[in-house]
Structure formats: structure tokens, C-alpha cells
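Peer 1: Starting off with a structure, shown below.
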Amino acid sequence: MSVLVTGSAGHLGEALLRMLRNLGEKVIGLDIKPSPFTDVVGSIEDRTLLRDRLRGVEVVLHTATLHKPHIATHNRQQFVDTNISGTLNLLEEAVAAGVSSFVLTSSTSVFGHALRPADGEPARWITEEVPPQPRNIYGITKLAAEQLCELFHRKHRLPCVVLRAARFFPEEDDDAIARQAYATDNLKVNEYLYRRADIEDVACAHVLAAQKAATLGFARYVISATTPFVAADLPQLRADAASVVRRCVPACQAEYQKRGWRLPQAVERVYVNARARRELGWRPKYDFSTLIERLERGEDYRSELARAVGVKGYHAERFTEGPYPTEER
């Protein structure tokens with residue numbers, strides 16, 4: 001298949017270029033930043049550029065976006081221009097070019113306030129049925145981009161799949177309290193219990209979505225590592241998550257003790273990938289249990305692809321208060 005990947009200089013864009021090239025697919029990488037995986041330097045806000053580059057393209061994997069880390073350095077209009085208007089440009093030109101499948105990389109950030117249970121409530125079980133409640137301009141614009149995809153499927157029969165991806169970036173956490181409480185790798189491995197995925201698994205989900213979009217028509221999926229928890233665990237996860245983890249994955253105890261790591265004390269939400277596994281045939285390789293097995297063997301818990309992509313960062317400048325500010329401009 002002939003594929004256009006937007007955001008090819010980013011974490012996921014590079015991962016997709018690496019994966020698709022290894023599969024022997026014809027793929028074009030587009031980004032505003034030059035990189036070894038960017039064939040075309042340009043913006044999704046440039047309609048003429050998109051029209052030219054979409055000729056003969058069968059599949060669009062749309063990863064280009066302003067991210068949550070940009071909310072302190074970019075204004076709201078820039079988010080609208082890139083995440084909404086840029087997506088609209090791409091959809092319109094994809095229809096005109098006869099593209100056969102369109103995959104949007106969205107984010108679990110669209111759930112926003114729905115991720116935060118009130119005091120005394122159990123942890124939230126986050127599936128595709130949970131109504132989004134965005135809490136910043138990033139979440140609002142990603143949800144709008146999703147809705148544009150749904151509109152173009154209804155109006156133009158463009159097969160569109162939206163993937164609400166959990167965390168897969170390798171950068172430090174933006175929560176200062178979390179950074180102080182846990183070593184970086186400890187924190188990331190903990191997150192595989194409920195809100196993180198390896199970038200190899202995320203990229204595989206995109207390839208499967210592209211292959212199945214024509215059959216699915218329009219669909220949304222939560223893309224996160226398979227949790228060891230079940231819905232009955234939700235009350236205890238708020239009060240004593242460590243006990244739940246030890247019960248579900250007893251092998252973690254010795255490995256954590258050896259490393260001086262700590263299990264999470266409380267979990268507020270759990271991302272559930274059951275629909276993606278069922279309908280896409282997605283089989284994520286990296287979950288908390290497999291990570292413990294890798295650590296026991298002395299291996300890196302990350303996939304080879306994750307290590308190859310590495311840490312990119314989101315800004316040219318450095319910030320004193322953490323990896324990036326978190327307050328909107």
C-alpha cells in the first residue's frame with residue numbers, strides 16, 4: 001500500500017516510518033521538521049502541498065499534532081490551526097485524492113475530567129463508551145479532529161479509524177510530585193498497569209487500523225497496554241493499589257524489591273483495550289507482566305523500536321520547572 005504519514009519527525013511518526021519501511025511498504029513522511037524520516041518538509045496547513053503529496057496515496061496515518069506539552073508555549077489559535085484546520089485540510093484532500101483509509105492518532109486526553117473520580121469513588125474504568133470531557137485546548141482540539149473524521153465518513157464514506165492512544169512518550173513526567181516519588185523507569189513501568197503502551201504496540205495498532213478501515217467504516221479505539229485488573233478491582237485501586245498489583249502479578253514483588261522500586265499507592269483510572277483487541281485483532285506485546293519478565297531476564301523493558309526512536313523532546317528550550325510547563329498560555 002502507498003502511505004502518507006504526517007508528523008514523521010515525531011515519536012510515533014518515526015516509529016511508523018521504520019515499521020512500514022521494514023514491511024516493504026511505499027511510504028512518504030511529512031513534517032514541518034526535517035529528519036531522516038521526513039521526505040517532505042511542510043505543514044498540514046498547506047492545502048496545495050497536501051493536494052500534491054496525496055496523489056496516488058491509499059492510506060493516511062495522521063499523527064501530526066500540537067501536543068499537551070505545547071499548551072504552555074503555543075496559543076489556542078495555533079492549536080486550532082494545526083489540530084483542527086490541519087486535519088480538515090487533510091480530510092478534504094484525502095477525499096479528493098480517493099484515499100481508501102484514514103487513521104487519526106487521537107489521545108486519551110479527550111476523556112479529560114472523566115478520568116478523575118471524586119473523593120470516595122472507585123477508580124474509573126475507561127472504555128470507548130465513556131463520554132469525553134476535555135479539560136484543556138489540546139483535548140478539545142483532538143476531540144474536534146475525531147468528530148471531523150466521523151463527519152467525513154458519514155458525508156463522503158471515507159473509512160476513518162480514530163485511535164485514542166495512551167502515553168507512549170519516553171520523556172520525564174510533567175508531574176513534579178510523581179517525579180519526586182518515583183524513579184523515572186519505576187514510574188513508567190507502573191503506568192503499564194493502567195495508562196501506558198509501548199510505541200511498537202501503538203504503531204502496530206495503526207497498521208491494523210489502516211488495513212481494516214474499509215471494513216470498519218468508522219470506529220474509535222482505546223490503545224493502551226492490556227491491564228491485569230478487572231472492573232471488580234476498581235474500589236480497592238483507589239485505596240490500596242499496591243495490594244491489587246501484588247495479587248494480580250505476584251512476580252513483581254521480588255523484582256521491585258531488588259530495584260528499590262515502589263508500586264503505585266492509588267490508581268484513579270484504568271484504560272481498557274478490549275474493543276481494539278477484539279475488533280482490530282490487535283495483540284499488544286508489552287504489558288506489566290511481560291515487562292516484569294523482561295526485567296527478571298536483565299533485559300530493557302522497552303521494545304527495540306522504542307529504544308531506536310528514543311527521546312525527542314517537544315521544545316528547543318529547557319525549563320526550570322520540569323520537562324515542560326503545564327499551564328496554558
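Each value in this text was obtained by applying a stated rule to the coordinates, not by laboratory testing. What you see is a predicted model; the values in this text were computed from it and never measured. Ideal geometry is used to build each Cβ from the backbone, glycine not excepted, and the neighbour counts take in all protein chains shown.
Peer 1: Can you tell me which of 302-309, 186-193, 216-223 comes out highest on packing, and rank the rest after it, using the mean Cβ neighbours within 10 Å?
Peer 2: 186-193, 216-223, 302-309
Peer 1: Averaging the inverse of every distinct alpha carbon separation and then flipping it gives the Kirkwood radius. What is it for the range 66-172, in angstrom units?
Peer 2: Kirkwood radius, the range 66-172: 15.0 Å.
Peer 1: For the range 124-181, compute the orientation-averaged projected area of the C-alpha convex hull (one quarter of its surface), in nm².
Peer 2: Computed as one quarter of the Cα hull surface, the answer is 5.9 nm².
Peer 1: Rounded to the nearest 5, what % of DSSP beta bridges with both residues in the range 122-275 are antiparallel?
Peer 2: On the way: 0 of 10 bridges.
So the antiparallel bridges amount to about 0 percent of the total.
Peer 1: Moving to a separate point now. Can you put His156, His113, His74 in order, fewest other beta carbons within 10 Å first?
Peer 2: His113, His156, His74
Peer 1: Could you give the size of the charge dipole of the range 1-116 about its Cα centre, using +1 on the Cβ of each K and R and -1 on the Cβ of each D and E, expressed in debye and rounded to the nearest 20?
Peer 2: 280 debye
Peer 1: Calculate the radius of gyration of the Cα atoms of the range 187-295 to one decimal place, then report Dmax, the largest Cα-Cα distance, as a whole number, both in Å.
Peer 2: So, for the range 187-295, Rg and Dmax equal 15.2, 49 Å respectively.
Peer 1: Normalised by the residues of the range 6-54, what does the relative contact order come to in percent, with Cα pairs under 8 Å and at least six apart?
Peer 2: 31 percent
Peer 1: Further question on the same structure: Order of 53-64, 241-252 by packing, highest average Cβ count within 10 Å first?
Peer 2: Listed from highest to lowest mean packing, they are 53-64, 241-252.
Peer 1: Using only helices, what value at 222 nm comes out for the chain when you add -39,500 (n - 2.57) per DSSP H run of length 4 or more and divide by the total residues, to the nearest 500 deg cm²/dmol?
Peer 2: That comes out to -12000 deg cm²/dmol.
Peer 1: Using a 10 Å cut-off on Cβ atoms, rank the peptides 171-182, 264-275 from the highest mean neighbour count down.
Peer 2: 264-275, 171-182
Peer 1: Across the chain, how many lysine pairs separated by 8 or more positions, or lying on different chains, have Cα atoms within less than 27 Å?
Peer 2: Here the count comes out as 22.
Peer 1: While we're here: Once the dipole of the range 166-308 is set up with Lys and Arg at +1 and Asp and Glu at -1 on Cβ about the Cα centre, which of Val267, Val202, Leu280 lies farthest towards its positive end?
Peer 2: Checking the options against the dipole of the range 166-308, the answer is Leu280.
Peer 1: Which of the listed residues, Thr73, Val99, Asn83, is farthest toward the dipole's positive end in the range 51-103, when Lys, Arg count +1 and Asp, Glu count -1 at the beta-carbon?
Peer 2: Farthest along the dipole direction, towards plus: Thr73.
Peer 1: Residues with beta-carbon under 13 Å from that of Thr127, excluding Thr127: net charge, scoring Lys, Arg +1 and Asp, Glu -1?
Peer 2: Taking every other residue near Thr127 into account, the sum is +4.
Peer 1: Debye sum, Cα scatterers, the chain, no solvent: what log₁₀ I/I(0) at q = 0.07, 0.11 1/Å?
Peer 2: -0.27, -0.69
Peer 1: Could you tell me what a quarter of the Cα convex hull surface of the range 180-237 works out to, in nm² with one decimal place?
Peer 2: The directionally averaged projection comes out at 5.8 nm².
Peer 1: Using Cα pairs under 8 angstrom and six or more residues apart, how large is the relative contact order of the chain, in percent?
Peer 2: Answer for the chain is 20 percent.
Peer 1: Something else now. Based on C-alpha coordinates, I'd like the Rg and Dmax of the range 1-121, in Å.
Peer 2: Over the range 1-121's Cα set, Rg and Dmax evaluate to 15.8, 55 Å.
Peer 1: If a cysteine in the chain has no other Cys Cβ under 4.7 Å from its own Cβ, put it on the list, ordered by number.
Peer 2: Unpaired cysteines in the chain: Cys204, Cys248, Cys252.
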